[in-house]
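A.B. asks: Starting off with a structure, shown below.
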Amino acid sequence: MNKLIGKDVLFLHTNKNTPRNGEGSFIRLNNGAVMFAYTKFSGSTREDDAPACISAVYSYDDGENWSAPEAVISRDAEARNLMCPSLIRMNNGDIGIIFLKKMMDGINAVPWFTRSSDEGKTFSEPKRIIPDYTDYYVIENDHTIKLKNGRILIPANYHTKEINGKLDYNNHGLKVIFCSDDDGNTWREIGKRQDIPFSHRSNTGLQETMLYETEDGRIRALSRTDMAFQYECFSEDRGENWTIPEPNRFFSSPDSPLLMKRACSLTLAVFNPIPNYTTRDGEKAWGRTPLVCAVSDNDGKSFDRIYFLEDDPENGYCYPAIFDGGDYALIAYYHSDNTDFPLNSLKIKKILKSEFYK
């Protein structure tokens, strides 16, 4: 393990009006600015179904300084909250936002999509990616990807069960993939839904799946589990079919998500590396400490350098987003901010490319 890298460039703390500043995603605007959209909670509670909208901050100097937050997508009357945005550059040049909308009525959460043709100043009327409201899906921030051929893939996880004739939330997740082949105009589910092997042994199943397209066109999927490792599977046909998920022995995990992306001409993987072993005290930080960045020079085939982003065992860190600035990277994530709740404040770090070689 190598040293702590990067410098803090933004720390959005909570306050009495904003009980939680959350997970987000970056994009480069045409004027050179960096936009970071994230989940901003309001009201008196910080739970996942508390009131929240999609807000954004902007940097005009490559992440050194940031604007004050401003609302990008507000809740409508039927929404309990909006969260987990992914920003992507559409094939026609628009900015797309995929986000999760939780409904006021029932156990319903589905991904939605909106787009902007004026670099984020205004957005179209959001539309559902899934046509009905009867199920509960989870998507995560910064997880939507656009393939080399223009196909857009959204990794999701299905979390619905039936109890006494009524739908309820199911902690045990199934991996689901949605795609668009017409630049976001229509969406469909592809492939078979996948469970973790020997699923009766796992409470989580496959959760918070992320995708990474390799240089040779394969798709890697890594999912959060309670089995001490991220579980991984591969697709050779742009997400239509998948291998059986199996543990990736490098990406150990305390039941928290991982994100892998390209930045600085490298492949970066940000995750919590220590599993919840017997006698480990995971109460305060939920085991989500430290937060590390693994670095690969060969498209993720191997990771030979690991750096700390955060190493304080008294705090927890999770749900990263990664931005490629060319000669630098920006990494955003939750920071517990000296509380017992890791899903608390939002920090952004800037890491120079040279730091990944020290």
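A.B. asks: With touching a Lys or Arg at 6+ places or on another chain (Cβ under 7 Å), aliphatic (A, V, I, L, M) and closer than 23 Å to LEU12 by Cβ as the only criterion, which of LEU346, LEU352, LEU291, LEU309 stands out? Please lay out each step first, then the result.
C.D. replies: Details: LEU346 fails: touching a Lys or Arg at 6+ places or on another chain (Cβ under 7 Å); LEU352 fails: touching a Lys or Arg at 6+ places or on another chain (Cβ under 7 Å); LEU291 fails: touching a Lys or Arg at 6+ places or on another chain (Cβ under 7 Å).
Of LEU346, LEU352, LEU291, LEU309, the one residue that is touching a Lys or Arg at 6+ places or on another chain (Cβ under 7 Å), aliphatic (A, V, I, L, M) and closer than 23 Å to LEU12 by Cβ is LEU309.
A.B. asks: What's the total number of residues in region 195-216 that are assigned to a helix (DSSP H, G or I) and among the polar types (S, T, N, Q)?
C.D. replies: Looking only at region 195-216, we keep the residues that are assigned to a helix (DSSP H, G or I), and these are 199-201.
Okay, now just the ones that are also among the polar types (S, T, N, Q), so 199.
Here the count works out to 1.
A.B. asks: Then there is this: State which residue pairs qualify: first residue assigned to a loop (DSSP other than H, G, I, E, B) and inside region 288-299, second residue surrounded by fewer than 20 Cβ atoms within 10 Å (Cβ to Cβ) and polar (S, T, N, Q) in any location, beta carbons under 8 Å apart, and separation of 6 or more residues or different chains.
C.D. replies: ASP299/THR214
A.B. asks: Does at least one position in region 232-241 carry a residue that is closer than 23 Å to TYR307 by Cα, touching a residue at least 24 places away in the same chain (Cβ under 8 Å) and either in contact with a Lys or Arg (Cβ under 8 Å, 6 or more places away or on another chain) or crowded, with 19+ Cβ neighbours inside 10 Å (or both)?
C.D. replies: Just the residues of region 232-241 that are closer than 23 Å to TYR307 by Cα, to begin with: 232.
Subset that is touching a residue at least 24 places away in the same chain (Cβ under 8 Å): none.
No.
A.B. asks: Taking GLU283 as meeting all but one of (1) farther than 21 Å from PHE11 by Cα; (2) surrounded by fewer than 23 Cβ atoms within 10 Å (Cβ to Cβ); (3) at pLDDT 95 or above, write down the number of the exception.
C.D. replies: (3)
A.B. asks: Looking at ASN30, ASN17 in this structure, which one is at pLDDT 95 or above and either outside any strand (DSSP E or B) or in contact with a Pro (Cβ under 6 Å, 6 or more places away or on another chain) (or both)?
C.D. replies: Just a single option satisfies the conditions, and that option is ASN30.
A.B. asks: Which residues, taken from region 75-92, are modelled with pLDDT of 95 or more and surrounded by fewer than 22 Cβ atoms within 10 Å (Cβ to Cβ)?
C.D. replies: Result: ILE88, ARG89, MET90, ASN91, ASN92.
A.B. asks: I would also like to ask the following. Hey, among the residues in region 221-231 that are crowded, with 17+ Cβ neighbours inside 10 Å and out of contact with any Lys or Arg (no Cβ under 9 Å at 6 or more places or on another chain), which one's farthest from ASN248 (Cα to Cα)?
C.D. replies: ASP226
A.B. asks: Anything in region 32-72 that is within 17 Å of SER345 (Cα to Cα) and touching a Cys at 6+ places or on another chain (Cβ under 7 Å)? List them, or say none.
C.D. replies: Matches in region 32-72: THR39, LYS40.
A.B. asks: Pick from region 99-142 the residues that are among the charged types (D, E, K, R) and part of a strand (DSSP E or B): which of them is surrounded by the most Cβ atoms within 10 Å (Cβ to Cβ)?
C.D. replies: Among those that are among the charged types (D, E, K, R) and part of a strand (DSSP E or B), it is LYS101.
A.B. asks: If you take the residues in region 47-74 that are modelled with pLDDT under 95 and of a type in the set (D, E, K, R), which one is farthest from PRO126 (Cα to Cα)?
C.D. replies: It comes out as GLU47.
A.B. asks: In the set PRO247, PRO273, PRO254, which member is more than 16 Å from the chain's Cα centre (by Cα) and at pLDDT below 95? Walk me through how you get there before you give the answer.
C.D. replies: Values: PRO247 fails: at pLDDT below 95; PRO273 fails: at pLDDT below 95.
After applying the criteria, what remains is PRO254.
A.B. asks: Look at ILE145 and say whether it is hydrophobic (A, V, I, L, M, F, W, C), surrounded by 23 or more Cβ atoms within 10 Å (Cβ to Cβ) and at pLDDT 95 or above.
C.D. replies: Against the criterion (hydrophobic (A, V, I, L, M, F, W, C), surrounded by 23 or more Cβ atoms within 10 Å (Cβ to Cβ) and at pLDDT 95 or above), ILE145 does not qualify.
A.B. asks: Just one of LYS175, LYS148, LYS192 is in a loop (DSSP other than H, G, I, E, B) and among the basic types (Lys, Arg); which is it?
C.D. replies: Details: LYS175 fails: in a loop (DSSP other than H, G, I, E, B); LYS192 fails: in a loop (DSSP other than H, G, I, E, B).
Only one candidate qualifies: LYS148.
A.B. asks: Against the condition farther than 30 Å from MET227 by Cβ and either among the hydrophobic types (A, V, I, L, M, F, W, C) or modelled with pLDDT of 95 or more (or both), how does ARG188 come out, does it pass? Full working, then the answer.
C.D. replies: Details: farther than 30 Å from MET227 by Cβ: yes; either among the hydrophobic types (A, V, I, L, M, F, W, C) or modelled with pLDDT of 95 or more (or both): yes.
Against the criterion (farther than 30 Å from MET227 by Cβ and either among the hydrophobic types (A, V, I, L, M, F, W, C) or modelled with pLDDT of 95 or more (or both)), ARG188 qualifies.
A.B. asks: Hey, another quick one. In region 54-81, which residues are in a strand (DSSP E or B) and farther than 18 Å from ASP105 by Cα?
C.D. replies: Just the residues of region 54-81 that are in a strand (DSSP E or B), to begin with: 54-59, 70-73, 79-81.
Across region 54-81, the qualifying residues are ILE54, SER55, ALA56, VAL57, TYR58, SER59, GLU70, ALA71, VAL72, ILE73.
One line per residue, one yes/no per condition, for (1) part of a strand (DSSP E or B); (2) on the phi > 0 side of the Ramachandran plot; (3) buried (at least 20 other Cβ atoms within 10 Å of the Cβ); (4) not small (Gly, Ala, Ser):
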site	(1), (2), (3), (4)
ASN315	no, no, yes, yes
ASP337	no, yes, no, yes
PRO342	no, no, yes, yes
LYS349	yes, no, yes, yes
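A.B. asks: Please go through region 175-219 and give me each residue that is of a type in the set (A, V, I, L, M, F, W, C), surrounded by fewer than 22 Cβ atoms within 10 Å (Cβ to Cβ) and touching a strand residue (DSSP E or B) at 6+ places or on another chain (Cβ under 6 Å), ordered by number. Steps first, please.
C.D. replies: First pass over region 175-219, keeping only residues of a type in the set (A, V, I, L, M, F, W, C): 176-179, 187, 190, 196, 198, 206, 210-211, 219.
Going one step further and asking which of them are surrounded by fewer than 22 Cβ atoms within 10 Å (Cβ to Cβ), we end up with 179, 187, 190, 198, 211.
Correct list: CYS179, TRP187, ILE190, LEU211.
The values are calculated or read from the model by the stated rules, or taken from the named source; none is laboratory data. Keep in mind that this is a model prediction, so the values were computed, not measured. Methodologically, a virtual Cβ is constructed for each residue, glycine included, from the backbone with ideal geometry; neighbour enumeration extends over all protein chains shown.
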